[in-house]
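Bear in mind that the values in this text are calculations on the coordinates, not laboratory data. In this text the structure is predicted, and so the values were computed from the model without any measurement. Cβ atoms come from the backbone with ideal geometry, glycine included; neighbour counts cover every protein chain shown.
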C-alpha cells in the first residue's frame, strides 16, 4: 500500500512541475496532462523492472550502453555525410533510439547467460528465475499413475503436453480395437484429472517437428528446446533420451524406489501362484506386484508357505526377489504341530496307592541248624 501511495505522489509531482514550468510550450492544463502521462510511463517502467531478474537487468544496462556508444559513432558518420538539415537531425535521433532499444532488448534476452555467482558478494545469492518444464509422454498418460503423483504435490513447475501427443492419444481412443480404445480414453480422462489439479500448471504447446516422424524423437527435440525433463515409463525412450543428454523422470524407477526393502535371510510368507521357468521353481507376487521366485516350491502351487529370502535383483524394469522353501524344516514344523502331547502320569495308581513307592521285600526265613 505504501508503494502505491509513493507512485501516485510521484505522478502528481511530475504533473505539477510540468504545470508550473510548461516545458512543452503548451497551455498549462495540456502540459500538466503530458506530465501525468510521463509520470505514469515511468511508474510502469519501474514496475516492470521490479519483476526482472538481476541478470536481465545488468544485461539490459550493458546492452543499452553499448547501443548508445554505437549510435554516437553512427551519428558522427551521418553528420559528416549529410549536410545540416532536418533530415540529419532526424536520422541522428532515430539511430540513437534504435541502437538503444536494440541494445536493451538483446541485453535483456542474453542476460540469463551471465554467471553472477562467479563475482561473489551480493551477486552470489541471485536466484535462478528459470522455469522448470516437465513434458509428458503418451505412455505415462495412459498409465495413469502420474495423476496420483501430481495430486500428492510432488510435481512442480510447468507440465507440458505437446499437441502431437494429444493427436496420438486421440488416434488410440478412436481405434477399432476395443483394448486400445479403452486405453486411449483412459489417457484422456487422466489429462482431465491433471487439469483439475489446482497445484499444477498445465501448458499445451503447438511446437512440432515435421522432419521427425517418431513421437519419441519429437519429445526429445521438444525437451531440448524447452530445456525440460521427459516424464515417461517407456524403457527404450528412457535410454535414447539419456544418450542424447535429455533428463528423464521414469515412473517405474520411482515406484521401485518406494517398494519395501527386503534383505537376504529374512523370512517371508507368500502364496505360490504358478510354476517358474527353472526346474522345481514356484512364482509368487507381493501386494505391490513384485515377483518372488521360490526354489523347491513347484509342488506347493496354490498354497501359502514360509520362505527364506536368498537374494534381491534390482533393475530399471523392476525388482525380483529370490527365495527358498525348506521342505524338511516345514515337515518338522508340521510334525510337531500334528503330534499329540505326551501322556501325563497320574498322581496315584488305580488302586489308590502311590506307584512311586516300592513295596517292601518279603521276609525270608533263615533255616536253623
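Residues in region 135-168, backbone N under 16 Å from the label point at residue 208 (7 Å along the Cα-to-beta-carbon vector): list them, ranges by number please.
Correct set: 161-168.
Between residue 68 and residue 244, how high is the FRET efficiency from 1/(1 + (r/R0)^6) when r is the Cβ-Cβ distance and R₀ = 45 Å? Nearest 0.05.
Once rounded, the FRET efficiency stands at 0.60.
If you rank 133, 279 by fewest surrounding Cβ atoms within 10 Å, what's the result?
279, 133
Using 0.36 nm per residue of separation minus the Cα-Cα distance, give me the extension gain between residue 227 and residue 131 in nm, one decimal.
Full extension of this stretch gives 33.6 nm more.
Gain in length, residue 29 to residue 156, computed as 0.36 nm per residue apart minus the alpha-carbon separation, to one decimal in nm?
Contour length minus Cα-Cα distance gives 40.5 nm.
Given labels modelled 7 Å from the Cα in the Cβ direction, how far is it in nm from residue 77 to residue 21?
3.5 nm
Would you mind checking region 154-177 for residues with the amide N under 12 Å from a putative spin-label position 7 Å along Cα→C-beta of residue 196?
Correct set: none at all.
Nearest 0.05, what FRET efficiency do residue 98 and residue 167 give at R0 = 41 Å with Cβ-Cβ as r? All intermediate terms of the calculation are to be shown ahead of the outcome.
Values: r = 43 Å, r/R0 = 1.04.
The value I calculate is 0.45.
Starting from the Cα of residue 3, step 7 Å along the direction of its Cβ; do the same at residue 286; then give the gap between the two resulting points in nm.
5.1 nm
From the Cα trace of region 228-290, what convex hull volume per residue do you get, rounded to a whole Å³?
Normalising the Cα hull of region 228-290 by residue number yields 147 Å³.
Where does each of 95-108, 166-179 land if you order them by average Cβ count within 10 Å, highest first?
95-108, 166-179
When the gyration tensor of region 131-176 is built from Cα positions, what are the square roots of 5 times its three eigenvalues, in whole Å, from largest to smallest? Display every interim value, and only then the final one.
Working: eigenvalues 102, 36, 6 Å².
Each semi-axis is √(5λ); the values are 23, 14, 6 Å.
When each pair of different Cα atoms in region 2-123 is counted once in the 1/r mean, what is the Kirkwood radius in angstroms, to one decimal?
Over region 2-123, the inverse of the mean reciprocal pair distance is 17.2 Å.
To the nearest 0.05, how large is the calculated FRET efficiency for residue 44 and residue 188 if R₀ is 56 Å and r is the Cβ-Cβ distance? Present the calculation step by step, with values, prior to reporting the outcome.
Working: r = 43 Å, r/R0 = 0.76.
The value I calculate is 0.85.
Return the distance in nm (one decimal) between the two label points of a simple spin-label model at residue 235 and residue 278, each offset 7 Å from Cα along Cα→Cβ.
Using points 7 Å along Cα→Cβ, the separation is 1.9 nm.
Restricting things to Cα coordinates, could you compute the convex hull volume per residue of region 122-244 in Å³?
133 Å³
Give, in nm to one decimal, the length gained when the segment between residue 254 and residue 145 is fully stretched (0.36 nm per residue of separation minus the Cα-Cα distance).
Taking 0.36 nm per residue and subtracting the Cα distance, the gain is 38.2 nm.
Taking the beta-carbon count within 10 Å as an exposure proxy, list 206, 221 from fewest neighbours to most.
Lowest count first: 206, 221.
Quick one: what do you get for region 1-69 if you divide its Cα Rg by 2.2 N^0.38 Å?
Normalised Rg, Cα atoms only: 1.40.
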